[in-house]
Amino acid sequence: MTILEFFLWSLLKVAVITVVMLLGIAYTVLLERKLVGRIQNRWGPNRVGPFGLLQPLVDGAKSFLKEDLIPTAVYKPLYLIAPIIALGCALISIAVVPFGAPKMGPHGMDLFEIADVNIGLLVILGITSVGVYGIALAGWSSNNKYSLLGALRSSAQLISYELALGLSLVGVVLRAGSLNLRAIVEQQATRGIVTWNIFGGFQFVAFFIYLMAAYAETNRSPFDLPEAESELTGGYHTEYSSMKFAMFFMAEYGNMINVGCVATLLFLGGWTSPLGNLIGPPQNILVQALMPIFWFVTKVFCFLFLYVWVRGTLPRFRYDQLMNFGWRYLMPLAILNIVGTSLWLAYR
Amino acid sequence: MHLILFLLFAGFCLAGAINLLLQSHPINSALSLVVVMTSLAVLYLLLGAEFLAAAQIIVYSGAIMVLFTFVVMLLNAGREERTLGSRAARAVGFPAVVVILGVLATLIVHAHGLGVASLSDAITSTEDLSRVLFRELLLPFEVTSILILIAILGAVALARHGDGETPTSEERTSPK
């Protein structure tokens, strides 16, 4: 494969995946509004298009057409760059996520992953940790008490829970012996659902810790203190309007999708079928290529469904409860999980 | 390709470092430091140290620099006064810096047995790195971690000591 071919293929993959990701974000918002509506015994958006399916497009148009307000007292350079950092970090992570079978493209190229990186998992963690700057700088540069409090809460929360999140993944990495996401998926995919890390690998404790930490990392209910509207009006994005607010909004849902992708890859067997090899590979090459994507999307969808369900059910934590839970319960539990997994692996 | 990337990110790194010194607002300096750390991570990657690059971003750009900005935000530090410094400091300082840089540069150029690192496609895998770290260099590694543990315990002890002097602060902060 020449370098030009490689460049063009990469460009195509990046373009397609970015568009799919943006559409995914738009429809995750709709999914949340519909589901929370049903949980609260109302219909949710159902006026625009059949079943309200065109609602995200209209919302996007509204954000674009609204007046772009910039308050006078803000520190402008950081105020403008903060939403870009937040959305950028939310969209970059997908680059190392493999969502289909390897080597399906011409010349044995990976068609269903932008880049196959040895340290894929660390790359995702790194991008997540840089994403904090979006929120922190937004809150500080807005020059508003509510924003600053929201940003401080959010930085403290993200740093605290990042530790538990990182430690919960160590068990999975120990089992796979690699930080490459493909290797992690292939290690747990030998016999379908039985060998998934969450069941066969006895990593359900790690999955629980990851789930909790992920809710906190994405500022989602019940850990949505950085934007608790009853206390802080809007938290870090109080002073943002129109498209700049929409960028924070999209970043939040993009992060939800990323977290869902990581959970799928690490605990739920990635793109592989839960049936394992019970059913042989389909004859049709097109079906063979699309089945893994179907399984991957289904798993991520289930994760997002759980996210919305939790949001519709649980009340918000108090701040000291949040910190206690993170440091006193999740952290020791994650360390115990690492010790347990290592002992088990050594004993085997 | 490697050389182009090296020059690009070395440039970013130096520009960030110079900007760090020139900016008068603490938060701009902190963010320049983030740029420096991240460019360094890319340079590590170009030398084939992928784990080190990822750790650099997660630990330095992600965690430590967030704490820096956190402190700047919490104290709401304002613009620093720009002083021109004393004339003597300028007369002695700049030549002194040049001399020190010159001495260091000649030492590094003439030193032998430092090993070589080259820009190439070769990559030291995480497995190789941990093998060296946990087999051959286990003792220094553990000693370093104990050193850090002592530092943490010291910080906690100091903070507790402060609490003991003002017993009312405990009552004020506890949300009961």
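Condition test on A:SER273, is it in a loop (DSSP other than H, G, I, E, B), among the small types (Gly, Ala, Ser) and in contact (Cβ under 8 Å) with a residue 24 or more places away in the chain?
Details: in a loop (DSSP other than H, G, I, E, B): yes; among the small types (Gly, Ala, Ser): yes; in contact (Cβ under 8 Å) with a residue 24 or more places away in the chain: yes.
So A:SER273 passes the test.
Just so you know, in the stretch B:114-133 the residues that are within 23 Å of the chain's Cα centre (by Cα) and within 12 Å of another protein chain (Cβ to nearest Cβ) include one that is modelled with the lowest pLDDT, and it is B:THR124. Return yes when A:ILE184 is out of contact with any strand residue (DSSP E or B) (no Cβ under 7 Å at 6 or more places or on another chain) and either small (Gly, Ala, Ser) or surrounded by 24 or more Cβ atoms within 10 Å (Cβ to Cβ) (or both) and no when it is not. In short, yes. Screening A:SER154 against (1) of a type in the set (Gly, Ala, Ser); (2) out of contact with any Asp or Glu (no Cβ under 9 Å at 6 or more places or on another chain); (3) within 14 Å of another protein chain (Cβ to nearest Cβ); (4) crowded, with 23+ Cβ neighbours inside 10 Å leaves a single unmet condition, (2). Screening A:PRO102, A:PRO83 for residues that are touching a Lys or Arg at 6+ places or on another chain (Cβ under 9 Å), in a helix (DSSP H, G or I) and either closer than 18 Å to B:ILE58 by Cβ or in contact (Cβ under 8 Å) with a residue 12 or more places away in the chain (or both) leaves exactly one candidate, A:PRO83. Report whether or not A:ILE159 is at the interface with chain B (Cβ under 7 Å from one of its Cβ atoms), modelled with pLDDT of 80 or more and assigned to a helix (DSSP H, G or I). Yes. For the stretch B:37-48, does any single residue satisfy the condition of being in contact with a strand residue (DSSP E or B) (Cβ under 6 Å, 6 or more places away or on another chain), touching a residue at least 24 places away in the same chain (Cβ under 8 Å) and surrounded by 12 or more Cβ atoms within 10 Å (Cβ to Cβ)? There is at least one residue in the stretch B:37-48 that is in contact with a strand residue (DSSP E or B) (Cβ under 6 Å, 6 or more places away or on another chain), touching a residue at least 24 places away in the same chain (Cβ under 8 Å) and surrounded by 12 or more Cβ atoms within 10 Å (Cβ to Cβ). For the stretch A:118-151, filtering for residues that are in contact with a helix residue (DSSP H, G or I) (Cβ under 6 Å, 6 or more places away or on another chain), more than 7 Å from chain B (Cβ to nearest Cβ) and without any contact (Cβ under 8 Å) to a residue 40 or more places away in the chain leaves 1.
Hey, does the stretch A:179-198 have a residue that's within 11 Å of another protein chain (Cβ to nearest Cβ) and at negative phi? Yes, because at least one residue in the stretch A:179-198 is within 11 Å of another protein chain (Cβ to nearest Cβ) and at negative phi.
Of these, A:LEU333, A:LEU343, which one is surrounded by fewer than 19 Cβ atoms within 10 Å (Cβ to Cβ), without any contact (Cβ under 8 Å) to a residue 12 or more places away in the chain and part of a helix (DSSP H, G or I)?
One residue alone meets the criteria, A:LEU343.
The values are calculated or read from the model by the stated rules, or taken from the named source; none is laboratory data. In this text, all values refer to a predicted model and were calculated from it rather than measured experimentally. Don't worry about glycine lacking a Cβ; one is built from the backbone with ideal geometry, like all the others, and counts go over all protein chains shown.
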